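FYI, it's all coordinate maths here, none of it is from the lab. Worth saying up front: this structure is predicted, and the values here are computed from it rather than measured. FYI the Cβ positions are ideal-geometry reconstructions off the backbone, even for glycines, and counts take in every protein chain you see.
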Amino acid sequence: MAETIFKKIIAREIPADIVYEDDDVLAFLDINPLSKGHTLVIPKEPAETLDQLSADAAAAVGRVLPRVAKAVLRATGAKDFNVLQNNGTAAHQAVLHVHFHIIPRAGKDGLGIGWPTQRLEPHEAKLLAQQIKSHL
Ligand code: 5GP
């Protein structure tokens, strides 16, 4: 895996506004926030995308996410938030180290979400569910 800016933040080679750290997880403010309090939660394990992350590292991040989210909400006064997790360039991932965005929402802010739904026929759904199950 290529060296990323997040690996350098973990190693303290470049600065960041760190809000949480344990043996497996780091959380820090996004340098270009979409809203006040926009925070990134990352595993220290160097996986590029979520599907490459170990179950243990994923569990470590999962344990921390609600706690950091609650702290971000209390600090900003926001009640609503998105958790955004991008994987791959088609999904707008810019930094190739797994990360979860916690983005407080208070009315209009910089996060736009298109949600163009498609039709899913029942027979297609059954087949697709079967195919996914077969890969678990
Ligand atoms: P992605 O598009 O990969 O899901 O988001 C990467 C995020 O990392 C962006 O929101 C970007 O602002 C943030 N980011 C990129 N470089 C740095 C950095 O050096 N420091 C911090 N704190 N955030 C960064």
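For the reader, a short list of remarks on this structure follows.
- Each residue in region 45-62 was checked for being part of a helix (DSSP H, G or I) and touching a strand residue (DSSP E or B) at 6+ places or on another chain (Cβ under 8 Å), and 4 pass.
- Residue among Ile31, Ile42 that is over 14 Å from the mean Cα position of the chain (by Cα) and either aliphatic (A, V, I, L, M) or part of a loop (DSSP other than H, G, I, E, B) (or both): Ile31
- Residues within region 91-109 that are within 12 Å of the ligand (Cβ to nearest atom) and not in a loop (DSSP other than H, G, I, E, B), tallied: 5
- Subset of region 74-129 that is among the basic types (Lys, Arg) and surrounded by 10 or more Cβ atoms within 10 Å (Cβ to Cβ) - its residue that is nearest to Asp56 (Cα to Cα): Arg74
- Listed by first and then second residue, the pairs with beta-carbon distance under 6 Å, at least 6 apart or on different chains, first residue in region 14-28 and closer than 15 Å to Ala57 by Cβ, second assigned to a strand (DSSP E or B) and among the aromatic types (Phe, Trp, Tyr), are Ala27/Tyr20.
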